[in-house]
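The values are calculated or read from the model by the stated rules, or taken from the named source; none is laboratory data. From a predicted model like this one, the values you see are computed outputs, not experimental measurements. When we count neighbours, we look across all protein chains shown, and the Cβ atoms used for this are built from the backbone with ideal geometry, even at glycine.
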Amino acid sequence: MLQQILIHTPVYVWAILAVLVWRGTAALRDREMKVRSLFIVPAVMLALSLQDVGSKFGSSGLAYAVWAAAAAISALLVWKSGRSRTAPGSGPGSVIVRGSWVPLAMMMAIFFTKYAASVLLAVLPHARQDALVAAGVCALFGVFNGCFLGRLALDVAAVRDQRGLSTARNAFNAAG
């Protein structure tokens, strides 16, 4: 059965996996990037998750409510317990982002959740109507997206604070 599942997986799915692995391994190293680039991966993962919720479970209020609750809770937990991974960059509008395995792990978690849910619904189409299946899948997507959004919020707040410190330092130096 596993062989049949892998054989019937469209080629584009493997291409998406390759791109996510490539992006995730790039995130393992420290790198300098524009602040606006911090939004790309969370936005793409958000779009992929919400598209999957809608396509698999329809525009059910329950599916989106479960997703939103899980996303809000995990974003808050990351916000409260995490720390920024950014430092000031060499130019205006740029930051240095410390390398981390977390983006790769989160991208793989979203990909494999999407894949497993797709396989489940292909093998057991009636599972689409099961509220427990919908809630479980949507909660997982919400948790993963909340982690991305919580990390993004931490990084944006750190950038804002770094700019504030830089402005204050420049004003102090100009006055002195």
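Among the residues of the stretch 122-132, is any within 23 Å of the chain's Cα centre (by Cα), in a helix (DSSP H, G or I), among the hydrophobic types (A, V, I, L, M, F, W, C) and more than 22 Å from Lys34 (Cα to Cα)? No - not one qualifying residue is present in the stretch 122-132. Residues in the stretch 58-71 that are part of a helix (DSSP H, G or I), small (Gly, Ala, Ser) and exposed (fewer than 14 other Cβ atoms within 10 Å of the Cβ) were compared, and the one that is farthest from the chain's Cα centre (by Cα) is Gly61. For first residues located in the stretch 125-153 and over 15 Å from Tyr64 (Cα atoms), partners that are in a helix (DSSP H, G or I) and among the aromatic types (Phe, Trp, Tyr) and lie 6+ apart or on another chain with Cβ distances below 8 Å form the pairs Gly150/Trp79; Leu152/Phe39; Ala153/Trp79. Against the list (1) modelled with pLDDT under 95; (2) closer than 19 Å to Gly136 by Cβ, the condition Ala72 fails is (1).
With among the polar types (S, T, N, Q) and over 18 Å from the mean Cα position of the chain (by Cα) as the only criterion, which of Ser49, Ser55, Ser37 stands out? Outline the logic, then answer.
Numbers: Ser49 fails: over 18 Å from the mean Cα position of the chain (by Cα); Ser37 fails: over 18 Å from the mean Cα position of the chain (by Cα).
Going through Ser49, Ser55, Ser37 in turn, the sole match is Ser55.
Considering Ser90, Ser74, Ser100, Ser84, the condition of being touching a residue at least 40 places away in the same chain (Cβ under 8 Å), buried (at least 17 other Cβ atoms within 10 Å of the Cβ) and in a loop (DSSP other than H, G, I, E, B) is satisfied by Ser84 alone. Taking Leu28 as the residue in question, decide whether it is out of contact with any strand residue (DSSP E or B) (no Cβ under 7 Å at 6 or more places or on another chain) and at pLDDT below 90. Answer is no for this residue.
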